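The values are calculated or read from the model by the stated rules, or taken from the named source; none is laboratory data. The shown structure was predicted, so the numbers you read here are calculated from the model rather than taken from an experiment. Here the Cβ positions follow ideal geometry from the backbone for every residue, glycine too, while neighbour counts run over all protein chains shown.
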Amino acid sequence: MNIRFSMIIVLAMMIVFVSIPAEAQAEEIKLVIDSQNVESKLLIVDGRSLVSAQILKEKFGEKLVWKKGRKELQVNSGYWRASFQVGSRIAEVNSSILPLESRIRLINDDVMIPLRFLTKMYGGELEWDGSTKTIYYYSNRVSDISTKSSVNSSQVVINTDYQVKYELNLYHRPQRLVLDLYNVSLAEVKSKVEVNNNIIRQIRVSQFKLNPAVVRVVVDINQMSNYQIKRNSLGLVLKINQDTQVVTSSIISRKPKLKKPKLKLRTKKIVIDPGHGGFDPGAIGPSGVQEKTVNYQIAKSVNKLLKQAGFRTKMTRRSDKFYSLAKRANQANRWSADLFVSIHSNSNSKPWINGTATYAHWYASKSNWALAWYVQSELVERIKLESNGLKAANFAVLRETNMPAILVETAFLSNPREERLLNSDDFQQKAAAGIVAGIKKYFAKED
């Protein structure tokens, strides 16, 4: 009786734990790329999806060369070259090594590559629908870049298949806007677009990185006063404005003529937000300087200088306490502040990275970008550090506030030299003076 029972248990375990052949699994799985069913062979091996490399040619138009003697497949794209060695778990892409999730296989004279390789080269997303046993791949590509111009503004229109995450920076000497589009690749787009109007000189486009895929769009500027970026149904629209009252070929060396304010400064209410606090120290420098302390010292000086200039001010924290980002934004909203200025110190895993940057939200208004512009230029002029330009981000304190809001990264606490500066009273006073000078110029211009 016990023997029969044991045999039943063993048989049951064999039924449960026997592995299903990869080919049997593949028969039940479909692949859909950009809403089109794909006939290319698809296998599941050790839980990893492999697809025929022919898909690179059939779907994306790449050139394939099979080196039979070496059992190597070479792929030639307009923006990258790759080689796949049968049996290897790496690919060589543009002379660099790219680790793969599974080995390259040769099945019935068909080279099978990891399906996820597509996302590394072309961006986009993979999705699994268990109900229909279908893998969906949505590639995301920049399909077109065009410009529209009027007397005082120019627009750069960037068409993508789907919405993209991006980062926009302003650089000087020469002046240019650099837009990085993440998890996206280039279709057949010109690498250079000559514009040559009074605002834009040219636009340069490149597949800046692979794995992950990043497209970089560089707009070389002749002259501008401010800019803003917005999403539309086709992708992104970067609008660059020219103000004849502002000379902007170098915001550091050339100062705009400003109108005197019509309103008393005392009517303006400004919230100063020292980043981090309490149990949240923020970044910590090589010698142990904590960001929360530096932020607070600079913010106190900003608060004092603004009060002396006649502004009404509030600080989101007046001691070493932690406050949530939502609470900080709500303080400003409830008070109906005119401006929100968050003060931070930057950090990077690479200790040589340095410089100063000012952030505004992705959807910030023209007025908001003007605030960032003036604060960044005045701050850099006083502290004499590298300008990393204006940047767009989705930080909560920028997103949730109802008034123009900026986040200032004064310097890199992770950089030993800048850590020493950030910890000095002299630098803190100069940084505060630069921020306040930028705020004053903003109101002088806006009023």
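Would you confirm whether any residue within segment 318-335 is part of a loop (DSSP other than H, G, I, E, B), in contact (Cβ under 8 Å) with a residue 24 or more places away in the chain, surrounded by fewer than 15 Cβ atoms within 10 Å (Cβ to Cβ) and in contact with a Leu (Cβ under 6 Å, 6 or more places away or on another chain)?
Taking every residue of segment 318-335 in turn, none turns out to be part of a loop (DSSP other than H, G, I, E, B), in contact (Cβ under 8 Å) with a residue 24 or more places away in the chain, surrounded by fewer than 15 Cβ atoms within 10 Å (Cβ to Cβ) and in contact with a Leu (Cβ under 6 Å, 6 or more places away or on another chain).
For segment 101-122, which positions are of a type in the set (K, R) and in contact (Cβ under 8 Å) with a residue 24 or more places away in the chain?
Of the residues in segment 101-122, the ones of a type in the set (K, R) are 103, 105, 116, 120.
Those that are of a type in the set (K, R) and in contact (Cβ under 8 Å) with a residue 24 or more places away in the chain: R105, R116, K120.
Please work out which residue is farthest from L339 (Cα to Cα), limiting yourself to segment 372-400 and to residues that are polar (S, T, N, Q) and buried (at least 23 other Cβ atoms within 10 Å of the Cβ).
S377
Looking at (1) under 21 Å from A411 (Cβ atoms); (2) touching a Ser or Thr at 6+ places or on another chain (Cβ under 8 Å), which is the only condition L305 fails?
(2)
Does L371 meet the test of being in the same structural domain as A283 (by TED's automatic domain parsing), of a type outside the set (S, T, Y), under 22 Å from the mean Cα position of the chain (by Cα) and assigned to a helix (DSSP H, G or I)? So that I can check it myself, show each step before the final result.
Values: in the same structural domain as A283 (by TED's automatic domain parsing): yes; of a type outside the set (S, T, Y): yes; under 22 Å from the mean Cα position of the chain (by Cα): yes; assigned to a helix (DSSP H, G or I): yes.
The answer is yes for L371.
Could you check E101 against (1) modelled with pLDDT under 80; (2) in a loop (DSSP other than H, G, I, E, B); (3) closer than 25 Å to S131 by Cβ and say which number it fails?
That leaves (1) as the condition not met.
Filter segment 95-106 down to the residues that are in contact with a Leu (Cβ under 7 Å, 6 or more places away or on another chain) and either surrounded by fewer than 18 Cβ atoms within 10 Å (Cβ to Cβ) or within 22 Å of S206 (Cα to Cα) (or both) and list them by number.
R105
Out of the residues in segment 65-77 that are touching a residue at least 12 places away in the same chain (Cβ under 8 Å) and within 15 Å of D110 (Cβ to Cβ), state the one that is surrounded by the fewest Cβ atoms within 10 Å (Cβ to Cβ).
Checking each candidate, the answer is W66.
Does any residue of segment 92-100 turn out to be within 30 Å of S191 (Cβ to Cβ), touching a residue at least 40 places away in the same chain (Cβ under 8 Å) and among the aliphatic types (A, V, I, L, M)?
Checked against the condition, which is being within 30 Å of S191 (Cβ to Cβ), touching a residue at least 40 places away in the same chain (Cβ under 8 Å) and among the aliphatic types (A, V, I, L, M), segment 92-100 yields at least one hit.
Of the residues that make up segment 75-92, is at least one of a type in the set (S, T, N, Q) and under 25 Å from L179 (Cα atoms)? Full working, then the answer.
At the first step, the residues of segment 75-92 found to be of a type in the set (S, T, N, Q) are 76-77, 83, 85, 88.
From the residues that got through so far, the ones that are under 25 Å from L179 (Cα atoms) too are 77.
Yes, there is a match, as at least one residue in segment 75-92 is of a type in the set (S, T, N, Q) and under 25 Å from L179 (Cα atoms).
If the requirement is being among the acidic types (D, E) and in a strand (DSSP E or B), which of these qualifies: E127, E188? Let's see the steps before the verdict.
Values: E188 fails: in a strand (DSSP E or B).
Answer to the selection: E127.
Only residues that are surrounded by 24 or more Cβ atoms within 10 Å (Cβ to Cβ) and farther than 20 Å from G275 by Cβ: list them for segment 336-368, please.
Those that are surrounded by 24 or more Cβ atoms within 10 Å (Cβ to Cβ) and farther than 20 Å from G275 by Cβ: none in segment 336-368.
Out of the residues in segment 276-294 that are crowded, with 18+ Cβ neighbours inside 10 Å and under 10 Å from F322 (Cβ atoms), which is nearest to the chain's Cα centre (by Cα)?
H276
Say whether the condition of being of a type outside the set (V, I, T), without any contact (Cβ under 8 Å) to a residue 60 or more places away in the chain and crowded, with 16+ Cβ neighbours inside 10 Å is met by at least one residue in segment 123-140.
yes
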